[in-house]
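Trainee: Below you'll find the structure I mean.
Read-outs: derived from the displayed coordinates by stated rules, not from any lab. Keep in mind that this is a model prediction, so the values were computed, not measured. Every residue, glycine among them, receives a Cβ derived from its backbone with ideal geometry; neighbour counts consider all protein chains shown.
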Ligand code: NAD
């Protein structure tokens, strides 16, 4: 086992992939499991045995409790984020989240909809300002990407770091007003502070250091004041604290094009909230199925192990169209559990083991329908069992 001092391990907290091992012995992991709606409980049920097995093998103890959230929360107690669920999250080291929402609750007022009324309050409560989304397409899954294979001879392996709590989605004023002349005006405000830019840049720096040491910051500095500040702060902060990294900048419109033209050139992409929302979904598409992509939302709050408290969830939604049919791909949920082990517990070897088991399963041509392209496919449960077998 490679041993790191805790400060050094801290540097790896956002690293991936990392090649270190947990430095401080046997751990007790306490996680709040929030499966949510439609395919959420199905993919969660396929993932938990994998998490349990990898921890049991290395002697760590896992304490997990399951709580309703989203539509299930509304059905259980009238609230998408029931008080008992929030309280369980507060007592946990990390949250493993499924996905929420769907037609059953679509007629509720927007502010009470499952996603808006559960995920946003959780992000706000735990100050989860950084969204880390790996975009990974193994060579064996090339046929899942809409990109021509000759453009991605080695697949895709990148990470998008999106600022999650600032910018246009949260800036004030935000309103719709009827003007004196009878016209109607909608207003959103894009606002960023230097301190917000620095803290998300630190996340990107830690991630880039653990990978290819290349960092690309995406903005719209030719038009937006916020982006001019963003570019200046990122440049100065990286020059001052991470001269070992190669930093480049790109306008967001060009980044959207380059992701399709040259996806293999991307490594760590840092960007603000709205640009990250759009670019990370584009990244998801070029990496094949939504069912393969995990994500971590992290902040300054530390857990009992003095590591970042985080919320870990698949990039996709609750997929009502395939729910209850044993069709959903559980890989995104399984890989989210691996991200959790890496970031909130420093268990890099265990995270690697899960990720390798997923890769091996796909390489062995065991696939759910979304990545089978008319070939033989297995169900959610069987895919989970196949990953478990290869662990
Ligand atoms: P979706 O991501 O649920 O589904 C889009 C498409 O991807 C569907 O065809 C679906 O079958 C497929 N898909 C998604 N995950 C898959 C998986 N694991 N395996 C195989 N195929 C998969 O998006 P949507 O249909 O626009 O939204 C459905 C509901 O999910 C909505 O209520 C929406 O608000 C909610 N949603 C929730 C979250 C979240 O919980 N974080 C995120 C996005 C959407």
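Trainee: Taking other Cβ within 10 Å of each residue's Cβ, how do 69, 268 sort, fewest first?
Mentor: Working: 69 33, 268 25.
Final ranking by Cβ density, sparse to dense: 268, 69.
Trainee: Considering only DSSP beta bridges with both partners in the range 146-286, what is the antiparallel share in %, to the nearest 5?
Mentor: Numbers: 5 of 19 bridges.
Beta bridges within the range 146-286, antiparallel portion: roughly 25 percent.
Trainee: Computed over the Cα atoms of the chain, what is the ratio Rg over Rh, Rh following Kirkwood? Write out the running numbers ahead of the final one.
Mentor: Values: Rg = 20.5 Å, Rh = 21.4 Å.
Here the Rg-to-Rh quotient is 0.96.
Trainee: How do 280, 217 line up, fewest other C-beta atoms within 10 Å first?
Mentor: Sorted ascending by nearby Cβ count, the order is 280, 217.
Trainee: Cut-off 10 angstrom, C-alpha nodes, Gaussian network model of the chain. Which of 207, 61, 241 fluctuates the most?
Mentor: Highest fluctuation among the options: 241.
Trainee: Can you tell me how much longer the chain between residue 277 and residue 248 gets when fully stretched, taken as 0.36 nm per residue apart minus their C-alpha distance, in nm with one decimal? Please report the intermediate quantities before stating the final value.
Mentor: Numbers: separation 29, 0.36 × 29 = 10.44 nm, distance 2.03 nm.
Answer, rounded to one decimal: 8.4 nm.
Trainee: To continue, here is another question. Just to be sure I follow: if Rg is taken over the C-alpha atoms of the range 146-286 and Rh is the Kirkwood radius over the same atoms, what is Rg/Rh?
Mentor: Ratio of gyration radius to Kirkwood radius: 1.05.
Trainee: Still on this structure: Mean-square fluctuation check for the chain, GNM, Cα pairs under 10 Å: which of 327, 30, 194 is largest?
Mentor: Maximum fluctuation in the GNM of the chain, among the listed residues, is at 194.
Trainee: When ranked by the protection proxy of mean other Cβ atoms within 10 Å per residue, highest first, what sequence do the peptides 33-40, 101-108 form?
Mentor: In descending order of packing, they fall as 33-40, 101-108.
Trainee: Just rank 86, 51, fewest to most, by other beta-carbon atoms within 10 angstrom.
Mentor: Ascending Cβ contact count within 10 Å gives the list 86, 51.
Trainee: When only Cα pairs under 8 Å and 6 or more residues apart are kept, what is the percent relative contact order across the range 156-279?
Mentor: That works out to 38 percent.
Trainee: Have a look at 196, 185, 225 and tell me which one the Gaussian network model of the chain (Cα, springs below 10 Å) gives the largest fluctuation.
Mentor: Comparing 196, 185, 225 in a Gaussian network model of the chain, the most mobile one is 185.
Trainee: Under 8 Å for C-alpha pairs, at least 6 residues apart: give me the relative contact order for the chain, rounded to a whole percent. Write down the numbers at each step before the final one.
Mentor: Values: 844 pairs, mean separation 89.9, N = 391.
Relative contact order comes out at 23 percent.
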